[in-house]
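A.B. asks: One structure coming up, written as structure tokens, with questions to follow.
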Amino acid sequence: MEPLFYRPKDAAVLLGMSRTAVFRLIKTGELKSIKDNGYRLVPRWALVKFARELESRAGLARTEGAA
């Protein structure tokens, strides 16, 4: 089972970005996150949403059923 939330360093690995870049995206609101008990967490759905928006801005078309 995939985790529902990722720490920023793990989100950075999944996105192929630096941890600093992920925190910058969180700060600008481009990547949604929550803070709970002092931990910053990025929901899995937010990673998927960000990736799809990034693809869309780059003009990449996704086909239904594509992983």
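A.B. asks: Let me confirm something: among Lys49, Lys32, which residue is in a loop (DSSP other than H, G, I, E, B), at pLDDT 95 or above and surrounded by 13 or more Cβ atoms within 10 Å (Cβ to Cβ)?
C.D. replies: The unique qualifying residue is Lys32.
This table checks each residue for (1) buried (at least 16 other Cβ atoms within 10 Å of the Cβ); (2) at pLDDT 95 or above.
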site: Pro8; (1), (2): yes, yes
site: Val13; (1), (2): no, yes
site: Arg24; (1), (2): no, yes
site: Gly38; (1), (2): no, no
site: Trp45; (1), (2): no, yes
site: Arg57; (1), (2): no, no
site: Leu60; (1), (2): no, no
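The values are calculated or read from the model by the stated rules, or taken from the named source; none is laboratory data. Computed from a predicted structure; not experimentally measured. Virtual Cβ from ideal backbone geometry, glycine too; neighbours counted across all protein chains shown.
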